[in-house]
1. Among all residue pairs at least 6 apart or on different chains, which show Cβ distances below 7 Å where the first residue, located in region 52-66, is free of Cβ contacts under 8 Å to residues at least 24 places away in the same chain and the second is surrounded by 11 or more Cβ atoms within 10 Å (Cβ to Cβ)?
2. With the structure loaded, tell me whether Val8 is of a type outside the set (Phe, Trp, Tyr), exposed (fewer than 14 other Cβ atoms within 10 Å of the Cβ) and either touching a Lys or Arg at 6+ places or on another chain (Cβ under 7 Å) or touching a residue at least 12 places away in the same chain (Cβ under 8 Å) (or both) or whether it fails that test.
3. Look at region 8-40 and say how many of its residues are touching a helix residue (DSSP H, G or I) at 6+ places or on another chain (Cβ under 8 Å) and either over 14 Å from Ile63 (Cβ atoms) or not charged (D, E, K, R) (or both).
4. Taking region 13-68 only, how many residues are under 10 Å from the mean Cα position of the chain (by Cα), surrounded by 15 or more Cβ atoms within 10 Å (Cβ to Cβ) and under 21 Å from Glu3 (Cβ atoms)?
5. Given the conditions (1) more than 16 Å from Pro67 (Cβ to Cβ); (2) hydrophobic (A, V, I, L, M, F, W, C); (3) not in a strand (DSSP E or B), and given that Trp35 satisfies all but one, which numbered condition is not satisfied?
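Read-outs: derived from the displayed coordinates by stated rules, not from any lab. Model, not experiment: these values are computed from the prediction. Every residue, glycine as well, gets a Cβ built from its backbone with ideal geometry; the counts of neighbours run over all protein chains shown.
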Amino acid sequence: MREGEYIVCHFEAEDFEHLVMDAVYKAHRYLFETWLPNHSMNVSPFAAERYPSHSPDTTSMEIWVKPV
């Protein structure tokens, strides 16, 4: 990713399956439908998902978006 300022949405789930099957959907909805509009912010049409580990035990991740 290019250098710059990003908004980072960090979230967790009870296990990896819930993280990728449920929590990521809820986090995207909250970020794009609630948090960003409530802060009157627009972002570029790109989002990155970052996992702290590639282990099946991973229970958290981040969504990175770049404000415009």
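1. Filtered contacts from region 52-66: Pro52/Thr58; Pro52/Ser60.
2. So Val8 passes the test.
3. Matching residues across region 8-40 total 3.
4. 5
5. Answer for Trp35: the failing condition is (1).
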